[in-house]
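The next block holds one structure in the form of structure tokens; read it before the comments.
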Amino acid sequence: VDQSGRTAAVVARVRRLVHDGTLREGDRLPSTRALAAELGVARGTVVAAFEQLDGEGYIRTRQGAVAVVAASVTVRADDVVRPAHRVPDGAAADRAAPLDARPGLPAVTAIPERDWRGAWRRAADEPLRNTLSDPLGTPVLREQVAASLSLSRGFAPDPSRIVVAAGTSEALSLVAEALRAHLGRAPRIAVEDPGYRTGRRALTSAGADLSPVAVDDDGLDPDALATLERIDAVVVTPTHQYPLGSVMPVARRRRLLDHAARAGVLVVEDDYDSEFRHRGAPVPALAALDTAGSVLHLGGFSKTLDPRLRCAYVVLPRPDGTQGAAAEAVVTARRARGPVVAEPVQAAVAHLVRSGALRRHLGRVRRDYTHRRERIAARAAAEHGLEARALNGGLHTVVTWSGPATGRAVAARTAAAGVLVTALDEYDVTPGRSPAGVVLGYGALTLPELDRALDTLFAAVHAPD
Ligand SMILES: Cc1ncc(COP(=O)(O)O)c(C=O)c1O
């Protein structure tokens, strides 16, 4: 590493300490001599770094005095959501990094440190064993999942029907692989259009052929599904269509289930963010209405806890129902793939569920998400020709407008201004399906960040082409 590389490393290190709140306004930095000795670099390297940091406004240096952290860059206490030592190193904490308002991230940092650490301590307390993991998942986690589904989703599966997966995407790929083995050919799977891109990728890479089905204000249209021939499975988000946010009404749910039972279609219910309904009555799972045994229900902890856990679950349809053989194929595929979620992760998650920590966390973040959605609704209402949709539940909004700008043009403009959002048409299977719009995730944004994202977005929508 040359001198400039070492200088850059010192600069980056100090910036990071300021961003994560370790260094605050007025804090004194060590002398250049002391810091050089501590870091094992030449004093000139530190002097150059301090000059650069002064120029960037991070610190103030004066001849003959110690350098101090400048006021303008100090993170305000209310901006720091998480304790300083939990701020990730590197890009995410870098001031120059864009604000990521793409959908997907929940308020992970709102999980109380005590609960989080407690769960991992419990996981570490599990006795060591000379046996392999059960590929279907640990009994404790499967029991906890079954119990919480019966409390919150309106159906009470037996724990033996629950299979652990490494996120919804792994679950979808598992299902596609199971169907392929069971049918002896590529499964034909209907997907929502617009819909979940990562899910589509998981299905196709496991060998499925996809057929798009249009969604409207009531979600996927079962009549449109019925016009497709020889469909083996359909993947739906009935509680909160992704990304448009519609809720499938009960009448349509019944039509979908009737068609599925008659045509032998496996209905894969992706229940990814049903815990967050901000308005209206809670919506039970599609699986709660399923009497024929057509529904395979997918849930997970990516929205309620942390997507980095990669912990999700499949609830298999009844063994004696219309999809009993497909359910058996999923179990076979799970055993063949082997365990995918490390047992300590399963133990920690099970503890967060059983101890009530997850329930308390959800109670708190629901209120935060409601504030955020109200802020979005109020601010969008004040903007001419602009609409914020999909706000009755979940962690994202769909912003559409009447002007000529395309979603991609607006997303490119906001990106240039340091805010990342996703163009709505990125979710389209059929080009041109969606109106001009962007999807903005608000789960992980503080209110000031949300305001900044909205300011940037509204300016980008109104900007002349
Ligand atoms: C429609 C949908 N399903 C599922 C998930 C969760 O995916 P995973 O469980 O793989 O983290 C998401 C996350 O963005 C999603 O948007």
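The values are calculated or read from the model by the stated rules, or taken from the named source; none is laboratory data. Quantities reported herein were computed from a predicted structural model and do not represent experimental measurements. Using ideal geometry, Cβ is built from the backbone for each residue, glycine included, and neighbour counts are taken over all protein chains shown. Ligands, DNA and RNA are excluded from the accessible area calculation, which covers all protein heavy atoms including side chains. Shrake-Rupley method; radii C 1.70, N 1.55, O 1.52, S 1.80 Å.
At a glance:
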item: Residue ID - surrounded by the most Cβ atoms within 10 Å (Cβ to Cβ), chosen from residues in the stretch 365-394 that are farther than 15 Å from Leu447 by Cα and within 18 Å of the chain's Cα centre (by Cα); result: Gly394
item: Residues that are under 15 Å from the mean Cα position of the chain (by Cα) and part of a loop (DSSP other than H, G, I, E, B), drawn from the stretch 282-300; result: none
item: Positions within the stretch 343-364 being among the β-branched types (Val, Ile, Thr) and open to solvent by 20 Å² or more (accessible area, probe 1.4 Å), in sequence order; result: Val345, Val353
item: Enumeration of residues in the stretch 219-253 that are charged (D, E, K, R) and in contact with a strand residue (DSSP E or B) (Cβ under 8 Å, 6 or more places away or on another chain); result: Asp221, Arg230, Asp232, Arg252
item: Residue in the stretch 317-327 that is open to solvent by less than 10 Å² (accessible area, probe 1.4 Å), within 16 Å of the ligand (Cβ to nearest atom) and of a type outside the set (A, V, I, L, M, F, W, C) present; result: no
item: Pick from the stretch 209-221, criterion under 24 Å from the mean Cα position of the chain (by Cα) and open to solvent by 30 Å² or more (accessible area, probe 1.4 Å), ranking: farthest from Ser434 (Cα to Cα); result: Leu210
item: First in the stretch 396-425 and among the acidic types (Asp, Glu), second anywhere and open to solvent by 20 Å² or more (accessible area, probe 1.4 Å) and in a helix (DSSP H, G or I), Cβ under 9 Å, 6 or more apart; result: Asp425/Arg408
item: Boolean, Asp465 is at negative phi, out of contact with any helix residue (DSSP H, G or I) (no Cβ under 6 Å at 6 or more places or on another chain) and at pLDDT 95 or above; result: no
item: Elements of type strands (runs of 3 or more DSSP E) contained in the stretch 330-449, each with 2 or more residues being under 30 Å from Val295 (Cα atoms); result: 396-401, 437-441
item: Subset of the stretch 419-449 (residues that are in contact with a His (Cβ under 9 Å, 6 or more places away or on another chain), surrounded by 21 or more Cβ atoms within 10 Å (Cβ to Cβ) and not hydroxyl-bearing (Ser, Thr, Tyr)); result: Val439, Leu440, Gly441, Gly443
item: Residue within the stretch 301-310 that is polar (S, T, N, Q), farther than 15 Å from Val236 by Cβ and either outside any helix (DSSP H, G or I) or touching an Asp or Glu at 6+ places or on another chain (Cβ under 7 Å) (or both) present; result: yes
item: Selection within the stretch 17-61 - open to solvent by less than 70 Å² (accessible area, probe 1.4 Å), assigned to a loop (DSSP other than H, G, I, E, B) and among the acidic types (Asp, Glu); result: Asp20, Asp27
item: Selected residue [under 21 Å from Pro194 (Cβ atoms) and aliphatic (A, V, I, L, M)] from Ala412, Ala381, Ala444, Ala377; result: Ala412
item: Condition check for Asp306: touching a residue at least 40 places away in the same chain (Cβ under 8 Å), more than 30 Å from Ala181 (Cα to Cα) and within 16 Å of the ligand (Cβ to nearest atom); result: yes
item: Subset of the stretch 287-303 [more than 11 Å from the ligand (Cβ to nearest atom) and open to solvent by less than 10 Å² (accessible area, probe 1.4 Å)]; result: Gly293, Ser294, Val295, Leu296, His297
item: Tally, over the stretch 170-208, of residues that are farther than 14 Å from Arg334 by Cα, of a type in the set (Gly, Ala, Ser) and within 20 Å of the chain's Cα centre (by Cα); result: 3
item: Residues of the stretch 328-342 satisfying the condition of being buried (at least 22 other Cβ atoms within 10 Å of the Cβ) and farther than 16 Å from Val265 by Cα; result: Ala333, Arg334, Val341
item: Residue in the stretch 247-255 that is under 26 Å from Ala436 (Cβ atoms), within 12 Å of the ligand (Cβ to nearest atom) and either in contact (Cβ under 8 Å) with a residue 24 or more places away in the chain or surrounded by fewer than 22 Cβ atoms within 10 Å (Cβ to Cβ) (or both) present; result: no
item: Exclusive hit being open to solvent by 10 Å² or more (accessible area, probe 1.4 Å) and more than 21 Å from Val429 (Cα to Cα), set Arg201, Arg262; result: Arg262
item: Filter pass, Leu244 being open to solvent by 10 Å² or more (accessible area, probe 1.4 Å) and more than 20 Å from Leu210 (Cβ to Cβ); result: no
item: Cross-chain or 6+ apart pairs with Cβ under 9 Å, the stretch 133-160 first and over 22 Å from Ala281 (Cβ atoms), then surrounded by fewer than 19 Cβ atoms within 10 Å (Cβ to Cβ) and at pLDDT below 95; result: Pro157/Ser150
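The rows are residues; the columns are (1) within 21 Å of Glu426 (Cα to Cα); (2) among the charged types (D, E, K, R).
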site	(1), (2)
Tyr196	yes, no
Gly207	no, no
Ala214	yes, no
Pro222	no, no
Glu229	no, yes
Asp232	no, yes
Pro238	yes, no
Pro243	yes, no
Ala251	no, no
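This table checks each residue for (1) touching a Ser or Thr at 6+ places or on another chain (Cβ under 7 Å); (2) of a type in the set (Ser, Thr, Tyr); (3) more than 16 Å from the ligand (Cβ to nearest atom).
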| position | (1), (2), (3) |
| --- | --- |
| Ser150 | no, yes, yes |
| Arg188 | yes, no, yes |
| Gly199 | yes, no, no |
| Val213 | no, no, no |
| Asp218 | yes, no, yes |
